[in-house]
Structure formats: structure tokens, C-alpha cells
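J.: Below is a structure I'd like to ask you about.
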Amino acid sequence: MHYPLDTTIQGPIKAVLLKIKEKFPRFMELKALVCGLPMGQGRIGVARDHRAVVRAICEAMESLAASRKVATLAFKDFGFQECEWLDALQAEGYYKFESLPSTEMAVPFRSFDEYVKTLNRASRDGLKRKLKKIDRSPSLPMEIRERLSEEELDQVHALYTQTLLSHGEMSFEIMTKDFFRRISDNMPTQTRYFLWRLDGRIVAFAFCFVSAERMIDYYLGFDYALAYDLHLYFTRFRDLMKWCIENKVPIYEMGSTGYEAKRRLGFGFIRLFVYAKHLNRFINPFFHLLCRCLRPENFDMTFKYIREKP
């Protein structure tokens, strides 16, 4: 992937960098070979002999990097469980640092109203105001599908593209329409499309991974001509939370970005870590220094708060 090094930078420096990137789109971008997900928590299933598996992955990545002329390797966005055995990468020249966190919420509630009562007063009152506005808006019943028709795929991908454009600087991947078609065939029991329609047309969707242990709210899309008037973000959250409660799914995972809104809704933060190195051993120490300078908490106090949470 082409990783934008200015992802975590905010404030006046960010404004200057964006002006430069208008003329030089690849400025501050690093070509990297990454093990993990472009946008989301990485998970590796290992039955035994963790070190041998990591060593095999590293050898394969270095071989592939040489053939693709890639100078930087990374293991991106892994949690504490994987860190127990990924920490060994540091002896191989990798620098470990914290990444943008993911978010999740335990769902022990018997009803949506019971969930609302667990929020602090300010968050509870704010959510209730949103829900009252939703109740006054046109009804948008949620529809759950395992697969989509070609017409529905066209609509969903158009909404996904709108969302990419509205959050361009945080878009590390661009999924094709064929991806949304094929993943339902490849993972039929673990994927669901949640759709919201207005006059028969899809105006919002959420693509989620589901299991008995958790729901991961991964890809989404809104019609931004209607999103704010119809309060689509909160409509989506309310309906998905109700679905988790009704289906006794114990954990609702909602991914990265939008941290303040998610904190108010009761989500906790999942601390994630990146291991990265430059394959040139003379450049690698300077690369470590660059990674240290670009840590999220250097530019946003929200991330410092997250780091200090137990």
C-alpha cells in the first residue's frame, strides 16, 4: 500500500501539507508491504509455534518486497493478544509504536432503553434528542441481507464511494464492486448487509462481519444529500445495536475514526500497535525516529487520553 505519513498530523502543519499534496499527490507517502488490514484491527490465527509462523511470514514478506522493490515492511494494527508473540519482531529491526485505536462495546443489555440508561447524563440527553429527530423523519426500516442483487450492488458501491470521498485522508483502501459481490460467496455465514431505504432506494448501508462472539461494523455508505437531514449515522447505530441485543451478540466493534462520537455512545478503545522497519539497515534508525515523531498523540490530546486509560 501507499501509506500517507501525514495521516496522524493535525493543525496548521496538516493544512500546509494538504496544499503541497494538491501539486504533488505522492508527497509524504511511503510504499510499504503490510501484514494486516488497511483499515481495521489485524488478527492472525495461530494454532501453535507462534515464532515459527511469524518467521515464515517475515521471510515471505521480504522475498515479496524484493520482487516488488518495496523498502518498508509493517505488521499493522494488532492488539495485545498478538503482541505477545509479535514483540519478537523488535529483535529483527522492527520499531513498535501505537496506531489509531479501534472501538468496541460490550452488549449485555436486554433492551435498547436499558443501554441508553447506562450512558452519562450529557450523552444520554444528546442521544435522546437525536432519536426524537429520527422519529420525526421519514421511516427507514432496516433490511438484512446475505447477498445483494446487481442493482443493489450498484447502489451500495455508489454510497461506499461517496463515503470514501468524504473521508479521503483516512481512506487506505478502495474496494471494488466485485469485492462486495464475492465476499458474500466466500464467507456466507459471517457477513451481513444492513440496508436502509427511502422510497425503495438504498440511502445507507453497513457491511458487517458477524459471529457468536462479536459483530464488526466494517464498511458503510451514506447518501450525503440526505445523511444529515435524516440522521443516518444515528439511525444506523440504533438499529445495529438493537440487532446485537436481539441476537445476543456480546460485543459490537465499530472500528477507527470518529472517536468523540463513539466515546459519547459508550464505546471503549482497543489499543493497537504497528511494527515497521526499513529494509536498509543504515536508514532504519532514522525511519524509527520518523515513526516516533508521527505518533498520533503528538498531534491530538484525545490519543494521549486513550493511551493513559487502563
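J.: Identify the single condition in (1) modelled with pLDDT under 95; (2) farther than 30 Å from Tyr228 by Cβ that Leu64 does not satisfy, given that it satisfies every other one.
T.: Leu64 satisfies all of (1) modelled with pLDDT under 95; (2) farther than 30 Å from Tyr228 by Cβ except (1).
J.: Among the candidates Glu104, Glu29, Glu84, Glu22, single out the residue that is at pLDDT 90 or above and open to solvent by 50 Å² or more (accessible area, probe 1.4 Å). Show your work before the answer.
T.: Values: Glu29 fails: at pLDDT 90 or above; Glu84 fails: at pLDDT 90 or above; Glu22 fails: at pLDDT 90 or above.
The conditions single out Glu104.
J.: Show me the helices (runs of 4 or more DSSP H) found entirely inside segment 1-119 where at least 2 residues are in contact with an Asp or Glu (Cβ under 9 Å, 6 or more places away or on another chain) and not aliphatic (A, V, I, L, M).
T.: Working: elements: 12-23, 50-68, 80-86, 112-117.
Once the helices (runs of 4 or more DSSP H) in segment 1-119 are filtered for at least 2 residues that are in contact with an Asp or Glu (Cβ under 9 Å, 6 or more places away or on another chain) and not aliphatic (A, V, I, L, M), what remains is 12-23, 50-68.
J.: Using beta carbons and a limit of 8 Å, which pairs, at least six apart or on different chains, have the first residue in segment 127-152 and farther than 30 Å from Met187 by Cβ and the second one open to solvent by less than 100 Å² (accessible area, probe 1.4 Å) and of a type in the set (A, V, I, L, M)?
T.: Leu127/Val116; Leu127/Leu119; Leu127/Leu265; Lys128/Val116; Ile134/Leu230; Ser137/Leu230; Pro138/Leu198; Pro138/Leu230
J.: What are the residues in segment 54-79 that are closer than 16 Å to His2 by Cα and among the hydroxyl-bearing types (Ser, Thr, Tyr), if any?
T.: Selection gives Thr72 alone.
J.: Only residues in segment 20-35 that are free of Cβ contacts under 8 Å to residues at least 60 places away in the same chain count as the first member; pair them with residues that are outside any strand (DSSP E or B) and among the small types (Gly, Ala, Ser), Cβ under 9 angstrom, at least 6 apart or cross-chain, and list the lot.
T.: Between residues of segment 20-35 that are free of Cβ contacts under 8 Å to residues at least 60 places away in the same chain and residues that are outside any strand (DSSP E or B) and among the small types (Gly, Ala, Ser), the close pairs are Leu30/Ala71; Lys31/Ala71; Leu33/Ala65.
J.: Could you check Met39 against (1) farther than 20 Å from Gly255 by Cα; (2) touching a residue at least 40 places away in the same chain (Cβ under 8 Å) and say which number it fails?
T.: So the condition that Met39 fails would be (1).
J.: For segment 119-131, give me the residue count where each residue is over 15 Å from Ala261 (Cβ atoms) and surrounded by 16 or more Cβ atoms within 10 Å (Cβ to Cβ).
T.: The qualifying residues number 0.
J.: Any residue in segment 223-245 that's in contact (Cβ under 8 Å) with a residue 24 or more places away in the chain and at positive phi: show its pairings with residues that are open to solvent by 10 Å² or more (accessible area, probe 1.4 Å) and not in a helix (DSSP H, G or I) at Cβ separation under 7 Å, as long as the two are six or more apart or on different chains.
T.: His231/Ser137
J.: A follow-up question, please. Within segment 263-300, restricting attention to residues that are open to solvent by 30 Å² or more (accessible area, probe 1.4 Å) and in contact with a Pro (Cβ under 7 Å, 6 or more places away or on another chain), which residue is nearest to Leu89 (Cα to Cα)?
T.: Arg271
J.: Same structure again: Does Ile134 satisfy being at pLDDT below 95, under 22 Å from Gly258 (Cα atoms) and open to solvent by less than 20 Å² (accessible area, probe 1.4 Å)? Can you show your working first?
T.: Details: at pLDDT below 95: yes; under 22 Å from Gly258 (Cα atoms): yes; open to solvent by less than 20 Å² (accessible area, probe 1.4 Å): yes.
The answer is yes for Ile134.
J.: Which residues, taken from segment 35-60, are surrounded by fewer than 14 Cβ atoms within 10 Å (Cβ to Cβ) and either under 17 Å from the mean Cα position of the chain (by Cα) or among the small types (Gly, Ala, Ser) (or both)?
T.: Residues satisfying the conditions are Arg43, Gly45, Ala47, Ala52, Ala56, Ala60.
J.: Please give the number of the condition Ser63 fails out of (1) over 21 Å from Met39 (Cα atoms); (2) open to solvent by less than 10 Å² (accessible area, probe 1.4 Å); (3) of a type outside the set (Phe, Trp, Tyr).
T.: (2)
J.: Considering only residues of segment 3-19 that are modelled with pLDDT of 75 or more and open to solvent by 60 Å² or more (accessible area, probe 1.4 Å), which is nearest to Leu37 (Cα to Cα)?
T.: Tyr3
J.: All but one of (1) in contact (Cβ under 8 Å) with a residue 24 or more places away in the chain; (2) open to solvent by less than 40 Å² (accessible area, probe 1.4 Å); (3) over 18 Å from Ala276 (Cβ atoms) hold for Val116, so report the exception by its number.
T.: The one condition Val116 does not meet is (1).
The values are calculated or read from the model by the stated rules, or taken from the named source; none is laboratory data. Every value quoted in this text rests on a predicted model; they were computed, and no experiment measured them. Quick reminder, even Gly has a Cβ in these numbers, built from the backbone with ideal geometry, and neighbours come from all protein chains shown. For accessibility, only protein heavy atoms count, side chains too; no ligands or nucleic acids. Shrake-Rupley method; radii C 1.70, N 1.55, O 1.52, S 1.80 Å.
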